[in-house]
Amino acid sequence: MISVIIISYNVPDLLIRCIDSIKAARSSSDSEIIVIDNNSSDNCRETVKARYENVSWIQNNRNLGFAAAVNIGLNRARGDYFLLINPDSEIALDVLEVIRDFWLRHPDAGIVGGKIIGFDGSFQKQCRRNFPKPASAFFKLFKLSNVFPGHKLTRSYELSLDGIDQLHEIEAVSGAFMSFTRRLIEEIGMFDEGYFLMGEDLDFCYRAALAGRTNYYLPDAVMTHHHGASRDTRPFKSIYNGHIAMLRYYRKHLRHEYNVISNCMIYAGIALHCTVRCVFAFFPVLKKKGCRETS
């Protein structure tokens, strides 16, 4: 059985469309759907319960963040395979079949992520990434990839579009659309609840790689995604949480590779970028006048 886990927060209409796409998927009869709601202010709970008989709904009395909510879903799930899907997304009809077939052929894999496209048809690069390093993160955060598109650091985190239609090994996939096994959870543990929003998917993929597992990009599993729909409801908190996630990931996995001076410079860079993002979010008129956001 595949346990499909959805973490919901204030996207009621999109959540309904997401569940409908799962229900319409082939082999959906051999799956379960678990929605964990992080204390949304809408009435979607009543809508889901009235519309679907066999969707499990877990209501949190406060926003616990993504990682903690995922762990609640994992503890409730009955399947041998798990599939995380963002509520602002819809899966193709054959996704559950494709993922089930993958696990039958690759039982020892770590984590597999599918192809994520926007509703405008654009390919979303976060679905196949390398693990970030300080230099590659600097290039991405400060948009130097636009200035030096051919530089090796530009391609060292988000990959080029080469091979997006081919199954291949990858370092990290997106938590918006990832699948893994119960066996992996037993081996490396659940999601790190120290991440509130963002970063927890990179951390989980990194721990799977440390355990000797191989992560994969599976292009035949396709999902369309309204990127950032939940985060758009609270932009300042999202900016803050995203930068705290960067800091946690770096301190947990990378700081031992660098000296004290380098670490201080990296911490200062994260703080600077967070400040710039908040300024642009607070004064959206700057964007209208042609100033470019640095995210």
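Kindly evaluate Y240 against the criterion of being among the aromatic types (F, W, Y), modelled with pLDDT under 90 and either touching a Ser or Thr at 6+ places or on another chain (Cβ under 9 Å) or surrounded by 14 or more Cβ atoms within 10 Å (Cβ to Cβ) (or both).
Yes: the conditions hold for Y240.
Table: residues versus (1) surrounded by 18 or more Cβ atoms within 10 Å (Cβ to Cβ); (2) at positive phi; (3) among the aromatic types (F, W, Y); (4) modelled with pLDDT under 95.
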site	(1), (2), (3), (4)
A67	yes, no, no, no
V70	yes, no, no, no
F82	yes, no, yes, no
V112	yes, no, no, no
G121	no, yes, no, yes
R129	yes, no, no, yes
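Based on what the data block shows, is Y52 crowded, with 22+ Cβ neighbours inside 10 Å, at pLDDT below 95 and not hydrophobic (A, V, I, L, M, F, W, C)?
Details: crowded, with 22+ Cβ neighbours inside 10 Å: no; at pLDDT below 95: yes; not hydrophobic (A, V, I, L, M, F, W, C): yes.
Against the criterion (crowded, with 22+ Cβ neighbours inside 10 Å, at pLDDT below 95 and not hydrophobic (A, V, I, L, M, F, W, C)), Y52 does not qualify.
Would you tally the residues in the stretch 205-227 being polar (S, T, N, Q) and out of contact with any strand residue (DSSP E or B) (no Cβ under 7 Å at 6 or more places or on another chain)? Show your work before the answer.
Going residue by residue through the stretch 205-227, those that are polar (S, T, N, Q) are 214-215, 224.
Applying the additional criterion that residues be out of contact with any strand residue (DSSP E or B) (no Cβ under 7 Å at 6 or more places or on another chain) yields none.
The number of residues fulfilling the criteria is 0.
Can you tell me which residue is surrounded by the most Cβ atoms within 10 Å (Cβ to Cβ) among those in the stretch 21-49 that are aliphatic (A, V, I, L, M) and either out of contact with any Gly (no Cβ under 6 Å at 6 or more places or on another chain) or not assigned by TED's automatic domain parsing to the domain that holds V98 (or both)? Steps first, please.
First pass over the stretch 21-49, keeping only residues aliphatic (A, V, I, L, M): 22, 24-25, 33-36, 48.
Still in the running and either out of contact with any Gly (no Cβ under 6 Å at 6 or more places or on another chain) or not assigned by TED's automatic domain parsing to the domain that holds V98 (or both): 22, 24-25, 33, 35, 48.
Details: I22: 22, A24: 12, A25: 21, I33: 22, V35: 24, V48: 20.
Taking the candidates together, the pick is V35.
What are the pairs with Cβ atoms under 9 angstrom where one residue, in the stretch 180-198, is assigned by TED's automatic domain parsing to the domain that holds Y216 and without any contact (Cβ under 8 Å) to a residue 40 or more places away in the chain and the other, located anywhere, is surrounded by fewer than 16 Cβ atoms within 10 Å (Cβ to Cβ) and among the aliphatic types (A, V, I, L, M)? Sequence gap at least six, or different chains.
Filtered contacts from the stretch 180-198: E187/A211; I188/L210; I188/A211.
Condition check: at pLDDT 90 or above, within 18 Å of Y9 (Cα to Cα) and not charged (D, E, K, R). Does Y249 satisfy that? Break it down into steps so the answer makes sense when it comes.
Details: at pLDDT 90 or above: yes; within 18 Å of Y9 (Cα to Cα): no; not charged (D, E, K, R): yes.
No.
State whether one or more residues within the stretch 134-142 are modelled with pLDDT of 90 or more and surrounded by 19 or more Cβ atoms within 10 Å (Cβ to Cβ). Steps first, please.
We begin by selecting, within the stretch 134-142, every residue modelled with pLDDT of 90 or more; these are none.
No, the stretch 134-142 contains no residue that is modelled with pLDDT of 90 or more and surrounded by 19 or more Cβ atoms within 10 Å (Cβ to Cβ).
Grab the strands (runs of 3 or more DSSP E) fully contained in the stretch 164-269, keeping just those with 2 or more residues being in contact with a Leu (Cβ under 7 Å, 6 or more places away or on another chain).
Numbers: elements: 168-170, 177-181, 215-225.
Fully inside the stretch 164-269 and qualifying: 177-181, 215-225.
Look through N54, N10, N38, N60 and report the one residue that is touching a Phe, Trp or Tyr at 6+ places or on another chain (Cβ under 8 Å) and over 19 Å from I185 (Cβ atoms).
The match here is N38.
Residue check, R78 against (1) closer than 18 Å to R182 by Cβ; (2) surrounded by 22 or more Cβ atoms within 10 Å (Cβ to Cβ), all met but one. Which one?
(2)
Identify all residues within the stretch 17-38 that are over 19 Å from L96 (Cβ atoms) and not in a loop (DSSP other than H, G, I, E, B); write none if there are none. Steps first, please.
Kept after step one, since they are over 19 Å from L96 (Cβ atoms), are these residues of the stretch 17-38: 36-38.
Hits for the stretch 17-38 are I36, D37.
Would you confirm whether any residue within the stretch 217-231 is hydroxyl-bearing (S, T, Y) and closer than 26 Å to R100 by Cβ? Spell out the reasoning first.
Step one: of the stretch 217-231, the residues hydroxyl-bearing (S, T, Y) are 217, 224, 230.
Filter once more, so that each one left must be closer than 26 Å to R100 by Cβ: 217, 224.
Checking the stretch 217-231: at least one residue is hydroxyl-bearing (S, T, Y) and closer than 26 Å to R100 by Cβ.
The values are calculated or read from the model by the stated rules, or taken from the named source; none is laboratory data. As the structure is a computational prediction, the values presented were derived from the model and not from experiment. All Cβ positions, even for glycine, are placed from backbone atoms using ideal geometry, and neighbour counts span all protein chains on display.
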